[in-house]
Amino acid sequence: MSKAYNEINKLILNELEKGYLELYHKDLLQFIQSNDFKTKLNKIISKNKYDALSLMELLYPLYVKYLEFSKIDWLKYIFDYVLSLSFPEKVSRKFEEELNPLVFFYLNLLRVFSRFEIKYDKSNFLYKYPIGFLESEEEINTKFLDEYLVFKNAFLNNWIYELMKMDLSLTNHNTIDHVVGVNHLSLNIGRQLKILGLPIDLGIIVGAGLGHDIGKYGVRKEELDRVPYLHYYYTEKWFNRLGIEKTGHIATNHSTWDLELENLPLESLVLIYADFRVKNKKYKNYYEMHIYTLEEAYDIILNKLDNLDSKKEQRYEKVYKKLKDFENYMFSLGVNTDLTKRIPHKKTLKPYPLMDNEEIVENIKYFAIEHNINLMAKLLDDVSFNNILEMARSEYNWRKLRLYLQIFKEYSTYLTQRQKIVTLHFLTDLLFHKEEDIRKEAAELIGLLISQYDEEYRKEVPEAIKRHNPETTSLKVLKKLLNYILYPEHKMAESHLEWQYNLKTIIKSLFYNSRIENYEKYSKLLINYYDCYQSMSPINQLYLSQTLKYIPLLYLDDRDLKRLHEYTINQLNSNILEIRLTVLDIIDEIFEELKENKKFVILLKNWMLDNLQISPYASENYLKYKLALKLDMEPHILKHLEFNYKKVEENISEIFLTNLKTATEWMNKKVNIDILYDQVKRSSDSYGLHTGMHFCNLLKVSAIEKVRNYAGHTLLHIFEFLSQEERNDIAVELLRALEMQNYQFTKYIPNYLGQLLLYLQPTELDEIIDDFEEKIRQSNTQIVFLLLKTIGICIENYPKYGKKFKEEKEFNEKRLDRLLGLLLNGMASFDEEIKAESFRIIGSQIFNSNRLLLKEKYFIFTRIGKKVLTLLTKKEDDEFIFLNNSASLNSIYRFILDYEFIYGPIELISNKKVAFFPGSFDPFSLSHKKIATEIKRQGFEVYLAVDEFSWSKRTQPHRFRRDIINMTIAHERNIFLFPSEIPVNISNYKDLIKLKSLFNNRDVYMVVGTDVLVNASAYEKGGVLNEFPHIVFDRKSIQSKENEEIILEKRLENIKGEVLRLSLPAQYEDISSTQIRESIDLNRDVSNEIDPLAQRYIYKYGLYLNEPQYKSLVQTKTMETEIINNINDNLIQYLNKRFSHRIDMKAIHELRNKLNPVLLLVKETKSNSILGFSIFYWVRQ
């Protein structure tokens, strides 16, 4: 007897001793001890036939005594019993309770058979790729342990593995091999990713991998031809019964088409990847499960797709590209995907500056994928998500708060309903924010989240199934919000902010983002409020009327259209001017849609006939006249209305004055702006400049945001009617306005200034860019933000500039490089906020722009792609910076995917010649920069290698010197910092050989000054260094040697490679690092010798200041602490006097009013003077 036989026989005998077999013990024991049983069992083992049918054949002689079924029927009986545990609604047969012990005995033996199949049957797929669960240590580290344990218990107790084995014997469907193959591959990859430190939950990987196809057993008999499409629904149902939401969501959404969603958790990506690769392979007369490469699997699946047309093939190709990017990302980390290893081979990442061509594109992809993985892990975890939300809630800096809103918008699709509700509460609170643009962005996001609230079921639902309506729907959320806004509580109704104004923004965003099938239900709800408008306050009637513009009229039935038309006419008769103007203006804007309804046109004409009297408001007369023209009313009526309009219009100065009055209603100002625009169109010579300056003033100083924005919007339209001199005057006026202190006004200017600049002549535009280059390095954070935003808007609209002025391509591209360089300068700033904003504009604004074509974005990418990669922080310590970079990188990755899908690979061209420029650069001067740019101009890619330290000089720390260089050359294409992790000593031949190897197939030139050539010992030795081609620039040495010229000529002769000689212009020759250091120590201005931004950095961190010759001795001080519960005015005044230049007094006053504030003082005992302090207060919920 074999070892396997003895082991199995022993296990069977042990099983007989269990209590559940008490009634059958005697018969089973006799049966098992029979020679016939032993012979058959031995035969099964010798042939490795551990399948479900073979086991039934072994037990059948006994089982048939208790139920006269055939072998297949007995197997089907047990299969149905197990199936009923997971999908009871699918099984209609009744089970005999007294047969249950035989069922369990069979299942237990089948589990034993399965273990031995994995152990001994080397030809079996399951032997090569056995099922896997978590080790005990892995269980401890899984974040969602409860879900994993529930799944594991259900999988084992409901006999899922055995169910799949029986299914294979009954139907020949090889689900078990596929599921276990996916489990094995995904767990292998997951474990490697876990070792590498990625945020992956192995419990979810196991649960989703083993459960992703469980729904196939829930598909009803009449639906069997739709199993590939319906099993997702039943899989979700199985997981929902167990209450394991997160694992179930990953398991359900494992289709390749789910990759059409832009951002997926890492667990989803791994599952989809594994599922994609594990497929049946056809041999001559049979199929066998196989783990293909990704490329092989792509071809197999493509040939199996139903209804494959060119459009579907393109969709499939696009999602495959995302999967391929993910695989390449894993390869870059050292993950082994062919199952030959369990431990990843960690790869040393090539430094970004040394990357070329496709390496740059691929690594930007990897950077984006990595950020997306980390961010999605935070969103998957409710605790991490709540932390992000709390960070946003407690953020006082409105610029950072705005970025949080943009991040929520970017990833809104992937929030759960509970997360959406929490976010909606936060956004509703922001409708009261003091900054109007925050209120507006919050309103847009509210509309977006409501439109996405109903979880769209992307899978096919069985015809017989009606999905239950959830307790909370988007319609209920919208209704609650409308009640909150239109029927506010007493305290909110008295708010000084026009917080309800953004109701129209919410409704606009709602319909813009909604699916068409939802238009009707949202419209009906709004029309219900139109019906009862009289129950609202006048101000809320106004805000409700503004939503009329966004109702999708084409999707309303006749009854609802009639209700809407009645409401519109009623509001035209309102005794509130602003409501009448609002409705007239909306009718004017959407008249093309309205005129299709003849009944409503008649209603409008009748209303017009009843309201021919002149109004004291030019705006109302103007709108009536415009409407009458569109209604094609009789000539005498048009003449009468034109007279009313012209009579008031004649006094243009009165309109200017009315617009500047704070008491004038917004709609009145808006229509007045339209009147002025019409005047400019008719007579730009008479009114152009005056009106343009008037719009400038409104844009700069109007207290109402909507007036500022509408004035700016109209200013753009009148610019084409102005002369070049007038355009220049207005542009200069707005540029000056950027430096106004009141940021709440100036922040709106860039949206329009960035576009207006592109109406200026090239010479004037270049002068303004000169001004930008100076100010962006020297101005404070507020002004830099405004400049960056202006530049971003300018770049978005720049493609049309060359055509407008018919400029040569070379000059046009050079100017674009300068504009892009300004953003890159921002990315190199030492101010983290400026850094983040610069990259946000590049990623989320430029590469996410709807105005730029893919080819235009491609051109921009070719200019700055490598620079962006080298300037980005590899690992962000700050959560906010990480979130900002994630959203921006996601936009760039989306562009790359779209471009490569349509046009093919992105091609970046690197210069064939490389210039290696080593030095201490202490600090990097404009002279150094001039050398580098001149070398670049000669067709080189320049690498600046900063010495780690110098034996002959007391240099500043390495990081400071590199930062200074980065600030100076960030905007310069083809000039990069050489990686600090690769030290190169030009005296060391091994380092020089390594240097050459870093730039395969490229010529590496050594850059040195004549002083180095004369004095460096490396050139005395000769050797490998002299084999390099050289670029030599003339530079005088402080310590000149005798016969220096002779030595120089001799050294030049020793160089075997090509030698290029450069000389600096006179103004740069006199700049020396030594002189700069001395000037800094004396607090002199050195902005003519180093980059102004670098100068600010040096002075901020106190670099290059000499220590005093005589140092004071360290003395001890006795200190004591004092706790003060009453923070009075005297104490605050003392603190202000003592620490005014280092503390925020406004913040102290705010903290004083918090709950139970406590001040902790640190004092010197002897003098009783305050050395420092800290303030605390209670935070309670």
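The values are calculated or read from the model by the stated rules, or taken from the named source; none is laboratory data. All values reported here derive from a predicted model rather than from experimental measurement. Because the Cβ atoms are built from the backbone with ideal geometry, glycine has one as well, and the counts that use them run over all protein chains shown.
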If Leu629 passes every condition in (1) without any contact (Cβ under 8 Å) to a residue 40 or more places away in the chain; (2) under 19 Å from Lys549 (Cα atoms); (3) among the hydrophobic types (A, V, I, L, M, F, W, C) but one, which one does it miss? (2)
Could we say that Val477 is modelled with pLDDT of 90 or more and over 27 Å from Ile704 (Cα atoms) here? yes
Among the listed residues Gln571, Gln546, Gln534, identify the single one that is within 38 Å of the chain's Cα centre (by Cα), within 30 Å of Leu641 (Cβ to Cβ) and not aromatic (Phe, Trp, Tyr). Gln546
From the option list Phe37, Phe79, single residue qualifying as over 30 Å from Leu242 (Cα atoms), surrounded by 14 or more Cβ atoms within 10 Å (Cβ to Cβ) and touching a helix residue (DSSP H, G or I) at 6+ places or on another chain (Cβ under 9 Å) is Phe37
Single condition Asp817 does not satisfy, out of (1) buried (at least 22 other Cβ atoms within 10 Å of the Cβ); (2) within 24 Å of Asn850 (Cβ to Cβ); (3) touching a residue at least 60 places away in the same chain (Cβ under 8 Å): (1)
Of the candidates Ile364, Ile343, the one satisfying the condition of being of a type in the set (A, V, I, L, M, F, W, C), under 19 Å from Asn885 (Cβ atoms) and not assigned by TED's automatic domain parsing to the domain that holds Thr423 is Ile364
Turns out the helices (runs of 4 or more DSSP H) fully within region 744-829 with at least 2 residues that are more than 30 Å from the chain's Cα centre (by Cα) are 762-778, 799-805, 809-827
Phe144 versus (1) in contact with a strand residue (DSSP E or B) (Cβ under 8 Å, 6 or more places away or on another chain); (2) of a type in the set (A, V, I, L, M, F, W, C); (3) at pLDDT below 90: which is the lone unmet condition? (1)
Looking only at region 220-233, decide whether some residue is under 21 Å from Ala377 (Cα atoms) and within 32 Å of the chain's Cα centre (by Cα). no
Give the number of residues within region 580-595 that are more than 40 Å from the chain's Cα centre (by Cα) and part of a helix (DSSP H, G or I). 3
Give region 974-1000 a look and list any residue that's touching a residue at least 60 places away in the same chain (Cβ under 8 Å) and loosely packed, with under 14 Cβ neighbours inside 10 Å, or say none. Glu981
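Hey, can you tell me all the residues within region 72-128 that are of a type in the set (Gly, Ala, Ser) and part of a helix (DSSP H, G or I)? Walk me through it before giving the result.
As a first pass, look at region 72-128 and keep what is of a type in the set (Gly, Ala, Ser): 84, 86, 92, 114, 123.
Within region 72-128, Ser84, Ser86, Ser114 qualify.
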Please enumerate the residues belonging to region 872-890 that are closer than 27 Å to Pro979 by Cβ and in contact (Cβ under 8 Å) with a residue 40 or more places away in the chain. Leu872, Asp878, Ile881, Phe882, Asn884, Asn885, Ser886, Ser888, Leu889, Asn890
The conditions are (1) part of a helix (DSSP H, G or I); (2) under 23 Å from Asp27 (Cα atoms); (3) without any contact (Cβ under 8 Å) to a residue 60 or more places away in the chain; (4) not small (Gly, Ala, Ser), and Phe69 fails exactly one of them. Which is it? (1)
Please tell me if Phe960 is in contact with a strand residue (DSSP E or B) (Cβ under 7 Å, 6 or more places away or on another chain), among the aromatic types (Phe, Trp, Tyr) and either surrounded by 14 or more Cβ atoms within 10 Å (Cβ to Cβ) or farther than 23 Å from Glu1089 by Cβ (or both). no
Go through (1) farther than 15 Å from Leu577 by Cβ; (2) more than 48 Å from the chain's Cα centre (by Cα) for Leu627 and report which single condition fails. (2)
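Look through region 313-340, keep the residues that are assigned to a loop (DSSP other than H, G, I, E, B) and in contact (Cβ under 8 Å) with a residue 60 or more places away in the chain, and return whichever of them is farthest from Glu900 (Cα to Cα).
If we take residues in region 313-340 being assigned to a loop (DSSP other than H, G, I, E, B) and in contact (Cβ under 8 Å) with a residue 60 or more places away in the chain, then Leu339 is farthest from Glu900 (Cα to Cα).
Each row is one residue, and each column tells you yes or no for (1) within 21 Å of Gly712 (Cα to Cα); (2) of a type outside the set (A, V, I, L, M); (3) touching a Leu at 6+ places or on another chain (Cβ under 8 Å).
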{"site": "Phe745", "(1), (2), (3)": "yes, yes, no"}
{"site": "Tyr748", "(1), (2), (3)": "yes, yes, yes"}
{"site": "Leu758", "(1), (2), (3)": "yes, no, yes"}
{"site": "Glu767", "(1), (2), (3)": "no, yes, no"}
{"site": "Ile776", "(1), (2), (3)": "no, no, yes"}
{"site": "Asn780", "(1), (2), (3)": "no, yes, no"}
{"site": "Asn797", "(1), (2), (3)": "yes, yes, yes"}
{"site": "Arg815", "(1), (2), (3)": "no, yes, yes"}
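Yes/no matrix, rows are residues, columns are (1) modelled with pLDDT under 90; (2) surrounded by fewer than 18 Cβ atoms within 10 Å (Cβ to Cβ); (3) more than 18 Å from the chain's Cα centre (by Cα):
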| site | (1), (2), (3) |
| --- | --- |
| Ser838 | no, no, no |
| Gln845 | no, no, no |
| Arg851 | no, yes, yes |
| Leu854 | no, yes, yes |
| Ile860 | no, no, yes |
| Ile864 | no, no, yes |
| Thr870 | no, no, yes |
| Thr873 | yes, yes, no |
| Glu876 | yes, no, no |
Unmet criterion (only one of (1) in contact (Cβ under 8 Å) with a residue 24 or more places away in the chain; (2) farther than 19 Å from Lys341 by Cβ) for Met164: (1)
Among Glu948, Glu907, the single one that is surrounded by fewer than 18 Cβ atoms within 10 Å (Cβ to Cβ) and touching a His at 6+ places or on another chain (Cβ under 6 Å) is Glu948
